[in-house]
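Novice: Supplied in structure tokens, the structure appears directly below.
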Amino acid sequence: MKKYILLFIISISLFFKGFAEEGMWLPQLLQSLNEKDMKKLGMKINASDIYNISRSSLKDAIVSFGGFCTAEVVSDKGLLLTNHHCGFEAIQSHSSVQNNYIRDGFWAYNMGQELQNPGLFATFIISINDVTKAVLNGVGDNITERERKSLIDKNIAALKAGTKKESYQDILIRPFFEANKYYMFITETYNDVRMVGAPPSSIGNFGKDTDNWMWPRHTGDFSMFRIYADKNNRPAAYSPDNVPYKPKRSLNISIDGIKEGDFTMVFGFPGRTNEYLHSSAIEQVVKLSDPAKVGIRTKALQVIDGFMRKDEQIGIQYAKKFASISNAWKKWQGEILGLTKSNAVEKRKQLEANFEKIVMSKPELNVAYMGLLKDLEKAYHDIEPYAYARDYYSEIYPKIELLLFANQLKSVVNAYEENGETGYAAAKEKALQNIEDQYKDYNAAVDEKLFTVLMEMYVKDQKDEYTSPYFKELLQQNSGDYAKTAATVYAQSKIYEIKSLQALLAGSAKDVTDAIKNDIGYKIAMDMQYTFGTKVAGHLNEIQSHINQLQRLYMQAQMDVFTEKAFYPDANSTLRVTYGQVKPAYPRDGVKYDIQTYMDGIMEKYKPGDYEFDLPKKLIDLYNKKDFGRWGVKGKQPVCFIASNHTTGGNSGSPALDAYGNLIGLNFDRAWEGTMSDINYDPAICRNIMVDIRYVMFIIDKFAGAKNLIDEMKFVSRVKK
């Protein structure tokens, strides 16, 4: 028996060591955990060149861009590179029918032309420290989850109060390994970030929905911004007196290109992964959650797309919404495909069987962890109906903006009912401002059609007890006709059209709140909320709290049982490093994906006048003349490439770095078959997609003629020309 267990542990050790490219690693731990492995894969610099708090390092050139993407500093004047889709909200906000920067692109040929972006920020990480002991001080095994959270919150508050920092710095403390560990981040956030350049969407989003999450790819997914600071180079609110930020470090740009086997590293802020789930959770994703969400978004996209193709103004208004809905929609389809094809559930079950064998072989583990897997399996079974109802509610409610308008007005009603007229006025003004901002990108006809289609799914596709009685009553009054019901709602409601809403809000506090509460749209929204809150949320939260507790124990158990494995924490929007190599992929039998695409492929996909595959005439002319400048190679212009870096949402805009830490591309996507990497990384098929930096520079230089930007950046080459 002992011999069997020993052989088993050795096989597990070899299995884990085979996943060299997997992981989203904390940069301050690279030296102890990853440096040797990284150098075996080809890295030429040291871990201390990546993360260092005593001198400048690569981390000082990486920023969290708006809290949803990554960007990197590429000049000593605070110039930033990120993805086109990361900068899209800013591009859209500055666009109009007269100045359509989505269609035509935008370039600032001097700093005076750069555009202000209220609310957009760039956050640097100054230092990262392990504060687990202080955060978990006094936290024992025999307290409730609520007591645990309360004690941790108090410990965090005390820790923040006792930590020395500059007045312009912030403290962020985040849980890792399912809250078994905690790290503290000292950060600096710059709130004056201006738009510098963006190619037209026919370049920056070439291929749009058809090519999204796909390889081969031909998208110039980049945009440019600049950080501004006060005269002391410190964070400051927007001011005409602010000056370009002087960074501690900016990235050098390599024009050498890539070849198969090259070391690559992606440095950024990945959003969320769940790599250590129980097999029941993965099975629920494949069979229940992802299919439900895909179905809802399919209907929503069909509605929006139909309107966008017919009306340019709607196209501008709904471009970001469409892209946002479509992005996860297609990703989830790839996730289902990948998890099914890779047999992820069965592989996880095998891992769990191995886990139990080791637990049974060691008395100390047996006492701590026996029965844990069965408890997790039961908890996921118990949460299944409520999780399905949650997915329907959370997917449908935000896509009908009438309901979102109602949600804004709820704050007005609450303010009056809780504080009378004291808080009412401020709440009313805030809600009206939020709705007016939302209304800029709103069309009532689109919303009514979305209401018709999605509310039918809301009623028909889930248990009756989880749906709004008030809406079903309206439906019955309209002979079960969803279009007729929607027409009734939008004819009677006063909260979705600005003029009628302004008129509604013009009366006395009591009259206004009464009018809001009696509005048909508001009543639907509130009844949907009430139904979800009373029938679903309570059960869901109770079971989820239990799952969180079990998952925290299971995370610790895995680290205690599989002692040969180097564990990385799940992504949680904190700074991480992932590394791998430029590699082809073999997604299915008889198919090989090469590592690089070229402009030849752009021209092969080109469809004049097409929504997704049209091209600017100037780009076509440059291609026909083979006028690629110094960015082309042997008469061809590289566009994108793939590698085995483990990335996810939030890594969009992250720099792809070579073995020397030079910028070679911008991460922007993953190959469709490997989108399951948020749950199950498979080194054979998981590939991240990057726009080649040479294509980025070609667009800036030859297409846009923005030589002012080219002159700002520093280019390096180790290849003799």
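Novice: Please compute the Kirkwood hydrodynamic radius of the stretch 173-273 from all pairs of different C-alpha atoms, in Å with one decimal. List each step's numbers first, then the result.
Specialist: Details: mean 1/r = 0.0555 Å⁻¹.
Averaging 1/r across every pair of different Cα atoms and inverting gives 18.0 Å.
Novice: Shifting gears a bit: When averaged across all projection directions, what area in nm² does the alpha-carbon convex hull of the stretch 279-558 cover? Don't skip to the answer; put the middle values down first.
Specialist: On the way: hull surface 71.2 nm².
Computing the convex hull of the Cα atoms and averaging its projections yields 17.8 nm².
Novice: Can you give the helix-only mean residue ellipticity at 222 nm for the chain, where every DSSP H stretch with n ≥ 4 adds -39500 (n - 2.57) and the sum goes over all residues, rounded to the nearest 500 deg cm²/dmol? Present the calculation step by step, with values, prior to reporting the outcome.
Specialist: Values: 29 runs with 332 residues, N = 721.
Estimated from H runs of four or more residues: -14000 deg cm²/dmol.
Novice: Students often check this: by mean Cβ neighbours within 10 Å, which of 307-318, 679-690, 432-443 ranks highest, and how do the rest follow? Each step should come with its number before you reach the end.
Specialist: Working: 307-318: 16.8, 679-690: 22.8, 432-443: 15.1.
Peptide ranking by packing, descending: 679-690, 307-318, 432-443.
Novice: While we're looking at this one, here's another question. What is the Å³ per residue value for the convex hull set by the Cα atoms of the stretch 584-721? Walk me through the numbers on the way to the answer.
Specialist: Values: hull volume 21.5 nm³, N = 138.
Dividing the Cα hull volume of the stretch 584-721 by its residue count gives 156 Å³.
Novice: Could you grab the Rg to Rh ratio for the stretch 262-365? Cα atoms only, Kirkwood for Rh.
Specialist: Numbers: Rg = 20.2 Å, Rh = 17.1 Å.
That ratio equals 1.18.
Novice: If you don't mind, another one. What are the radius of gyration and Dmax of the stretch 281-427, computed over its Cα atoms and given in Å?
Specialist: 22.9, 69
Novice: Could you please state, rounded to a whole Å, how far the C-alpha centre of the stretch 157-221 is from the C-alpha centre of the stretch 53-114?
Specialist: If we compute the Cα centre of each part, the gap is 12 Å.
Novice: Considering amide H positions built from the backbone, and no H for Pro or chain starts, which residues 5 or more places from I253, or on another chain, come under 5 Å of its amide H?
Specialist: Under 5 Å from the amide H of I253 lie the amide H atoms of L663, K714, F715, V716, each far enough along the sequence or on another chain.
Novice: Looking at the stretch 208-311, which GluC sites (Glu not before Pro) are in a loop (DSSP not H, G, I, E or B) and have at most 16 other Cβ atoms within 10 Å?
Specialist: Numbers: sites: E260, E275, E283; in loops: E260, E275.
Sparse-neighbourhood loop GluC sites (Glu not before Pro): E260.
Novice: Could you give me the ³J(HN,Hα) list for the stretch 186-196, computed from phi with Karplus coefficients 6.51, -1.76, 1.60 and θ = phi - 60°, whole Hz, x at Gly and Pro?
Specialist: Per-residue couplings from phi come out as 8, 10, 10, 10, 9, 9, 10, 10, 10, 6, 10 Hz.
Novice: Another one. Of K248/K707; K320/K523; K362/K583; K165/K565, which sit over 32 Å apart, Cα to Cα?
Specialist: Numbers: K248/K707 24 Å; K320/K523 29 Å; K362/K583 41 Å; K165/K565 36 Å.
The answer is K362/K583; K165/K565.
Novice: Related question: Using the structure shown, list the pairs from K399/K449; K36/K714; K410/K494; K287/K341 with a Cα-Cα distance above 18 Å, or answer none. Don't skip to the answer; put the middle values down first.
Specialist: On the way: K399/K449 11 Å; K36/K714 29 Å; K410/K494 14 Å; K287/K341 14 Å.
Distance filter (> 18 Å) returns K36/K714.
Novice: Could you tell me how far the Cα centroid of the stretch 508-529 sits from the Cα centroid of the stretch 345-392, in Å?
Specialist: 45 Å
Novice: Calculate the all-directions average of the projected area of the chain's alpha-carbon convex hull, and give it in nm². Walk me through the numbers before you get to the answer.
Specialist: Working: hull surface 135.8 nm².
Mean projected area of the Cα convex hull: 33.9 nm².
Novice: I've got another one for you. Could you tell me which residue out of V97, F176, A323 lies farthest along the dipole of the chain toward its positive end? Charges go on the beta carbon: Lys and Arg +1, Asp and Glu -1, centred on the Cα centre.
Specialist: Looking along the dipole axis, the top candidate is F176.
Novice: Provide Rg and Dmax in Å for the stretch 21-127, with only Cα atoms included in the calculation.
Specialist: 17.9, 56
Novice: Please give the Cα centre distance for the stretch 225-267 versus the stretch 406-446, rounded to the nearest Å.
Specialist: 39 Å
Novice: Within 15 Å, Cβ to Cβ, of I62, how many net charges do the neighbouring residues add up to if Lys/Arg are +1 and Asp/Glu are -1?
Specialist: Values: positive: K59, K248, R249, R576; negative: D49, D60, E72, E188.
Residues near I62 contribute 0 overall.
Novice: Which order do the peptides 322-330, 705-713 take when ranked by the mean count of other beta-carbon atoms within 10 Å per residue, highest first? Working shown, then result.
Specialist: On the way: 322-330: 18.6, 705-713: 16.0.
Result, highest mean Cβ count within 10 Å first: 322-330, 705-713.
Novice: While we're looking at this one, here's another question. Can you pull out the GluC sites (Glu not before Pro) in the stretch 540-634 whose DSSP state is coil and whose Cβ has at most 16 other Cβ atoms within 10 Å?
Specialist: On the way: sites: E542, E564, E604, E612; in loops: E564, E612.
When the GluC sites (Glu not before Pro) of the stretch 540-634 are filtered for loop state and at most 16 Cβ neighbours within 10 Å, E564, E612 remain.
Novice: Right, another one. Kindly give Rg over Rh for the stretch 571-633, based on alpha-carbon atoms, with the Kirkwood expression for the hydrodynamic radius.
Specialist: Working: Rg = 17.3 Å, Rh = 15.5 Å.
A ratio of 1.12.
Novice: Taking the chain as a whole, which cysteines find no other cysteine Cβ under 4.7 angstrom from their Cβ?
Specialist: If one checks each Cβ against the other cysteines of the chain, C640, C686 turn up with nothing under 4.7 Å.
Novice: Can you give the relative contact order of the chain as a percent, counting alpha carbon pairs under 8 Å and 6+ residues apart? Before the final figure, lay out the partial values.
Specialist: On the way: 1290 pairs, mean separation 170.7, N = 721.
Reported as a whole number, the value is 24 percent.
Novice: Treating the beta-carbon of each Lys and Arg as +1 and of each Asp and Glu as -1, no other charges, what is the dipole magnitude of the chain about its Cα centre, to the nearest 20 debye?
Specialist: Working: 91 positive and 89 negative charges, 424 e Å.
With Lys and Arg at +1 and Asp and Glu at -1, about 2040 debye.
Novice: Another question about this same structure. With θ set to phi - 60°, apply the Karplus curve 6.51 cos²θ - 1.76 cosθ + 1.60 along the stretch 146-158 and write out the HN-Hα couplings as whole Hz, x wherever there is a Gly or Pro.
Specialist: Running phi through 6.51 cos²θ - 1.76 cosθ + 1.60 with θ = phi - 60° gives 5, 5, 4, 4, 4, 5, 5, 4, 5, 5, 5, 4, 5 Hz.
Novice: Out of A659, Y276, S239, whose Cα points farthest toward the positive end of the dipole of the chain (charges: +1 Lys, Arg; -1 Asp, Glu; placed on Cβ)?
Specialist: A659
Novice: Still on this structure: In the stretch 279-558, with Lys and Arg counted as +1 and Asp and Glu as -1 at Cβ, which of these residues, L404, T340, A557, has the Cα nearest the positive end of the dipole, that is, farthest along it?
Specialist: Highest projection toward the positive end goes to T340.
Just so you know, all these numbers are worked out from the coordinates, no wet-lab data involved. Predicted model, so just to flag it, every value in this text is computed and none were measured. A quick note on method: Cβ atoms are made from the backbone with ideal geometry, for glycine too, and the neighbour counts reach across all protein chains shown.
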